[in-house]
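The values are calculated or read from the model by the stated rules, or taken from the named source; none is laboratory data. This one's a predicted model, so the numbers in the text were calculated from it and none came from an experiment. No Cβ is skipped: glycine too gets one built from the backbone with ideal geometry, and neighbour counts run over all protein chains shown.
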Amino acid sequence: MSDTPIIEHWIARHEPELIRIADDIFRHPELAYEEVFSSRCLMDYLTDQGFFVSAGTAGISTAFTASWGEGTPVMGFLAEYDALSGVGHACGHNLLGTGVCAAACALKADMEAHRTPGTIRVYGCPAEEIMSGKIVMDDAGVFDDLDVAVTWHPFDRNRISNDIWQAQDIKNYIFHGVSAHASKSPEKGRSALDAAELMNIGVNYLREHVPGDVRMHYAYIDNGIPANVVADYAKTNYFIRSAKRSRTEDASRRVDDCAKGAALMTGTTVDIELVKCCKEMKVNRILAEIYYEAMTKIPVPVYTKEELDFAAGISKEAGFLNNGNYFSGLAPLEDAPVPISIGTDASQVSHTVPLITISAATMCKGTPLHHWAAAKQAGMGIGHKGMLYAARCMAEGTKLLLETPDGFRKVWEYHKAKQ
């Protein structure tokens, strides 16, 4: 890397406004495809920083594309900003989107200073929490001309995300029956709710007979029918996942069979709706090594006494088993990819273009994603420091990739070899 710390200086100088944006989004949590305020915050900031911004990417009202520069290589930064129902930004997407924009802007400043050729794009990607936005955008060819895609995710550790995020199917099972008075003439009814419950029982027995990495979880979608009516309608939403697409597809077919069997047992019918599907994450060793090298030169955050006290208090309240070791340095790069039991729509993009994901500690050790304690930390100094650290890592890693002889060629050779 260059001796001139332009990226570091840019982020340090803009730190107050970046924290303000992250906190504004934090205080206005918006669900999937409803991120009007959040996307506007990021679009306005990128416009102010000299990017050309267009809204409505891939026909999604809360998606956007921001571009600066010209020619190749084309480097895409993937931002997220949707929240979760009930717990707000418990996945830290207020930090994720803002940190991505900070990285792109800092890299722009460095490229301008050194007259480095290339194009930076920031993609505003909505609806990650329902595994949707990036898949729609990828299907529309939005990422096809990228030379690399870069993103990060809040976690409780600092590392290269050398992880195989899960391949997923998201499905709705919609049962249709015959309504009747549940007390006076139940024999005339055919309960869609019974069918949904029998399906779920079947799936729960199925769990014993699928590979250990398969995950199947579901929620009832409220049908609004009172208990004194035989339900003629019931709907469940399923996530079916594993570390390999073929295993996900096999489990998904067997869940379908549970639904069909339940409909047969109850005299109802079932419609099976595939909402979204994606492949597992395709990791790129060349990218991982380059970005890890950059990360070894970036100091990890240092926490104040107040922040450490906050981590201690929240660990005690939530029962986190971290033994008072709330934060650590940069974790070593693993020798092999690590399967993990979570998913992201960025996995689909990783099969279109080489993709790198940074993990940064925006929460103390032991804090689970989608947990109220993750949200608490996303709106204060612990989260802010992780966000700014991630921005530095993404920008410096991409700068090092630009400076690596034949770096993009090597990355793409590895990507194609792993098809």
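Summary of computed values
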| quantity | calculated |
| --- | --- |
| Unique residue being small (G, A, S), modelled with pLDDT under 95 and either surrounded by fewer than 19 Cβ atoms within 10 Å (Cβ to Cβ) or within 21 Å of the chain's Cα centre (by Cα) (or both) when the list is S347, S328, S341, S359 | S341 |
| Members of region 75-103 found to be small (G, A, S) and in contact with a strand residue (DSSP E or B) (Cβ under 7 Å, 6 or more places away or on another chain), listed by number | G76, A79, A90, G92, G97, G99, A103 |
| Those residues of region 369-419 which are farther than 22 Å from S359 by Cβ, within 23 Å of the chain's Cα centre (by Cα) and modelled with pLDDT of 95 or more, in sequence order | none |
| Selected residue (criterion: farthest from T266 (Cα to Cα)) from residues of region 155-214 that are of a type in the set (V, I, T) and not in a loop (DSSP other than H, G, I, E, B) | I160 |
| Per-region count, region 375-389, residues aliphatic (A, V, I, L, M) and touching a Ser or Thr at 6+ places or on another chain (Cβ under 8 Å) | 3 |
| Region 289-320 - residue that is over 16 Å from A374 (Cβ atoms), of a type outside the set (F, W, Y) and part of a loop (DSSP other than H, G, I, E, B) and, of those, farthest from the chain's Cα centre (by Cα) | T304 |
| Residue list for region 349-363, filter: part of a strand (DSSP E or B), among the aliphatic types (A, V, I, L, M) and closer than 19 Å to L95 by Cα | I356, I358, A360, A361 |
| Enumeration of residues in region 377-419 that are charged (D, E, K, R), crowded, with 20+ Cβ neighbours inside 10 Å and over 16 Å from A104 (Cα atoms) | K385 |
| Hits in region 78-116 (condition: part of a helix (DSSP H, G or I), surrounded by fewer than 23 Cβ atoms within 10 Å (Cβ to Cβ) and under 17 Å from the mean Cα position of the chain (by Cα)) | none |
| The listed residue being free of Cβ contacts under 8 Å to residues at least 24 places away in the same chain, farther than 21 Å from M137 by Cβ and not in a strand (DSSP E or B), out of R20, R40 | R20 |
| Among the candidates T357, T398, residue that is touching a residue at least 40 places away in the same chain (Cβ under 8 Å), touching a His at 6+ places or on another chain (Cβ under 8 Å) and over 20 Å from L308 (Cα atoms) | T357 |
| In region 81-115, the residues that are within 13 Å of S38 (Cα to Cα) and among the polar types (S, T, N, Q) | N94, T98 |
| Where a residue in region 328-340 is in contact (Cβ under 8 Å) with a residue 24 or more places away in the chain and its partner, wherever it lies, is of a type in the set (S, T, N, Q), with Cβ under 7 Å and at least six apart | G329/N158; L330/N158; L330/T296; A331/N158; L333/N162; E334/N162; P337/N162; V338/N162 |
| Residue satisfying all of: in region 198-236; closer than 25 Å to S85 by Cβ and free of Cβ contacts under 8 Å to residues at least 24 places away in the same chain; surrounded by the most Cβ atoms within 10 Å (Cβ to Cβ) among these | Y218 |
| Test: residue in region 405-418 that is part of a loop (DSSP other than H, G, I, E, B), more than 30 Å from T304 (Cα to Cα) and among the charged types (D, E, K, R) | yes |
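Rundown of residues vs (1) at pLDDT 95 or above; (2) farther than 30 Å from E289 by Cβ; (3) acidic (D, E); (4) assigned by TED's automatic domain parsing to the domain that holds M131, yes/no style:
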residue: S179; (1), (2), (3), (4): yes, yes, no, no
residue: D194; (1), (2), (3), (4): yes, yes, yes, no
residue: E197; (1), (2), (3), (4): yes, yes, yes, no
residue: V203; (1), (2), (3), (4): yes, yes, no, no
residue: H209; (1), (2), (3), (4): yes, yes, no, no
residue: V214; (1), (2), (3), (4): yes, yes, no, no
residue: G224; (1), (2), (3), (4): no, yes, no, no
residue: D232; (1), (2), (3), (4): yes, yes, yes, no
residue: A263; (1), (2), (3), (4): yes, yes, no, no
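To keep it simple, each residue is scored yes or no on (1) closer than 30 Å to V178 by Cα; (2) without any contact (Cβ under 8 Å) to a residue 60 or more places away in the chain.
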| residue | (1), (2) |
| --- | --- |
| D257 | yes, yes |
| T266 | yes, no |
| A288 | no, no |
| A346 | no, no |
| V349 | no, no |
